Amino acid sequence: FRDFAVQQYRATGAIPQWNPYLFGGLPFVAAMHGDIFYPTFWLRLLLGTDTGMTWGFISHLWLSGFGTFLFLRLFGLSFVPSLVGALAYQLGGPIAGYASPGHDGKLFVSALLPYTLMLLTLGMRDGRRWAWGVLSLVVGLAVLSPHPQLLQYHLLVAGAWALMLAFGTATLARKAAVQRLGFALGAVVLGLAIGAIQYLPLSEYTPWSPRAGGRDYAYATSYSWPLEEIINTYLPQFSGILGNYWGRNGIHLHSEYLGAAVLLLVPLAFAAGGDARRAFRRFWLGTAIVSLLWALGNSTPFFQLVYAIVPGTKFFRAPSTMMFVFAFSIALLAALGTERLLAGKVSAKYAVGWLVGAAAVALL
């Protein structure tokens, strides 16, 4: 359907409104046939469908790492820890693995997350007013990705981060914090308005959708992350992937591998530091825990709470797609761990302990 859009645009000079090739016909815009209004459409138009899609993946894989690097530098981390955190996010399985099944919409939203957080920091903490306009553009791009489920996760993390910047540190007066939260909310609303060209047609089509009215808990938790597959974060071949997958989900098109070196660095993040470092570490540790429990879906009772109170959950499935937030949190903690490692505050016993643990896993 992406090539269909390119061919139709070249023939008519307009985005098609109807796709006659699926189920006897579907609305093209309203049924959300991919990134219709996202900039990657122009890559396909200029370079051809195959090359354009390829560069869409390449560019956003790079953007995910570069944005993480800038976000860490904004918090005062030096070059090497910031680079390690960026590579941990960019090259970890949850992000790099999107290319295998062709999940470009998921990659776009995941790649934009660090930019949203960076702009919130510039606006909330530093009082840079220009950040609000740029933030609305980034949110608008995330809306047009279009991947509504990952967009929801993206905005939940952004909202929590804005609240942490407003009230989780002693740097902002209450009046300034509330005022800047208002600016942040206004930027998000403007970003959502940018996406109205995609979502207003969708709202008209929704009553004819098979998910209209929501689905039951069993559907919402299908493609949860099985508890036993947490070991994939360290040992990626444990449950297999694609045709070699033997786990409970039926299909497994993605990767949860975070990197053995990354996991080695994460515990080092939990050391003494200034107030700003402690607040940063606490927030991302909490985010990692919540996103892990969320991704596990029906593997724990936690998702019952999500299903009951989080709007939109009844329309989605595959809670394991929250994995990108977990991967981002782990990458940031790995950057803090690298900072401590470079400061020479790690004993040889720590490395020996990891080697013993690795040997035990290899033996099993």
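Here are the numbers for this structure:
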| quantity | calculated |
| --- | --- |
| 37 °C / 0.692 mPa s Stokes-Einstein diffusion coefficient of region 120-244, Kirkwood radius on C-alpha pairs, µm²/s | 186 |
| Rotationally averaged projected area of region 187-227 (alpha carbon convex hull; nm²) | 4.8 |
| Folded to 0 to 90 degrees: helix 49-74 orientation relative to the chain principal axis, Cα | 40 |
| Positive-pole candidate from Ala269, Pro236, Ala196, dipole of region 131-273, charges at beta carbon | Ala196 |
| Using alpha-carbon coordinates, inclination of helix 196-205 to the longest axis of the chain, degrees | 60 |
| Angle between the chain longest axis and helix 174-194 axis [Cα atoms, degrees, rounded to 10] | 40 |
| Estimated [θ] at 222 nm from DSSP helical runs (n ≥ 4, -39500 (n - 2.57)) normalised by residues in the chain, nearest 500 | -20000 deg cm²/dmol |
| Cβ-Cβ FRET estimate between Trp62 and Ile309, R0 fixed at 35 Å, reported to 0.05 | 0.45 |
| For region 151-285: accessible area per residue (Å², 1.4 Å) | 53 |
| Shape parameters for region 144-186, alpha-carbon atoms, Rg then Dmax in Å | 12.5, 37 |
| Per residue Cα convex hull volume in Å³ - calculated over region 226-280 | 97 |
| Tail fraction, Cα-Cα pairs, region 59-181, threshold 24 Å, whole percent | 29 |
| For region 298-362, projected area of the alpha-carbon convex hull averaged over all directions, nm² | 7.0 |
| Over region 1-87: Kirkwood hydrodynamic radius from C-alpha pairwise inverse distances, Å | 15.1 |
| Extension gain from Phe1 to Leu355, taking 0.36 nm per residue of separation minus the Cα-Cα distance | 122.5 nm |
| Cleavage-rule hits (trypsin sites (Lys or Arg not before Pro)) in region 135-220: DSSP loop, at most 15 neighbouring Cβ within 10 angstrom | Arg211 |
| Spatial separation of Cα centroids for region 186-215 and region 43-78, in angstrom | 26 |
| Reciprocal of mean inverse Cα separation for region 95-149 (Kirkwood radius, Å) | 11.9 |
| Accessible surface, per residue, of region 1-67 when the full set of protein chains is kept, probe 1.4 Å, Å² | 53 |
| Label point 7 Å beyond Cα of Leu185 along Cβ direction - residues of region 125-151 with amide nitrogen under 17 Å | 132, 136 |
| Modelled FRET efficiency - R0 25 Å, Arg174 with Ile289, Cβ distances, 0.05 increments | 0.35 |
| Cα convex hull of the chain - mean projected area over all directions, nm² | 19.8 |
| Magnitude of the charge dipole, the chain, Cβ model with Lys/Arg +1 and Asp/Glu -1, debye to 20 | 1000 |
| Unit charges at the beta carbon, dipole of the chain: most positive-side option, Tyr223, Ser64, Tyr38 | Ser64 |
| Region 249-346 - convex hull of alpha carbons, volume per residue in Å³ | 117 |
| Cut-off under 5 Å, modelled amide H: who pairs with Trp18 long-range | Phe28 |
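The values are calculated or read from the model by the stated rules, or taken from the named source; none is laboratory data. Model, not experiment: these values are computed from the prediction. Backbone-built Cβ (ideal geometry, glycine too); neighbour counts: all protein chains shown. To get the accessible areas, we keep the full protein, side chains included, count just its heavy atoms, and leave off ligands, DNA and RNA. Shrake-Rupley method; radii C 1.70, N 1.55, O 1.52, S 1.80 Å.
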